[in-house]
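See structure below.
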Amino acid sequence: MIDTKELEQLQNRRAELEKDSSSLEEQQKNLENRVKTIEERIRINELEKTNKTKQETIAQLESRMRDLEQKLQTSEEPESQESVDKVKSETTEVSQPTDEPTTRFSEAIEEETEEVVEVCAIEEPVITEQENYADNLKRQNEKKKRKFF
């Protein structure tokens, strides 16, 4: 009889512990889910902040670009007036029939579009460094061979 009472008590204790265990597992799952949602909220907040700063920098760059374009337009207007005057003076000079204006124009275009390209020879030290490295490897291998004999 004592064994049956003790057995019942042990079974009841085990049932309580299993019940506690399942409730603890449930609580753990709930907490893990809450942690995940909080982490997601944090990531969303960080992304919102970075997006906001990016939008602000884009707005600043667009504003700066508009200002620079306006400066460019204002600086081009006097130059364009000067270039119009210059073209008018050249056309008055060109009104005399000669072949000189076309050559002068083509020379001006060549001067503006001329690019300088510098060509230099490739030096050989890269190859010699590789050869030296290969020679060093061969020497090391020979030394290793000598040590074993």
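The values are calculated or read from the model by the stated rules, or taken from the named source; none is laboratory data. As the structure is a computational prediction, the values presented were derived from the model and not from experiment. Every residue, glycine among them, receives a Cβ derived from its backbone with ideal geometry; neighbour counts consider all protein chains shown.
This table checks each residue for (1) touching a Pro at 6+ places or on another chain (Cβ under 7 Å); (2) at pLDDT 95 or above; (3) surrounded by 10 or more Cβ atoms within 10 Å (Cβ to Cβ).
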residue: T4; (1), (2), (3): no, no, no
residue: E18; (1), (2), (3): no, yes, yes
residue: E26; (1), (2), (3): no, yes, yes
residue: K54; (1), (2), (3): no, yes, yes
residue: L68; (1), (2), (3): no, no, yes
residue: L72; (1), (2), (3): no, no, yes
residue: E76; (1), (2), (3): no, no, yes
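What residue, of K36, K88, is under 54 Å from the mean Cα position of the chain (by Cα) and at pLDDT below 95? Being under 54 Å from the mean Cα position of the chain (by Cα) and at pLDDT below 95 holds for just one of K36, K88, which is K88.
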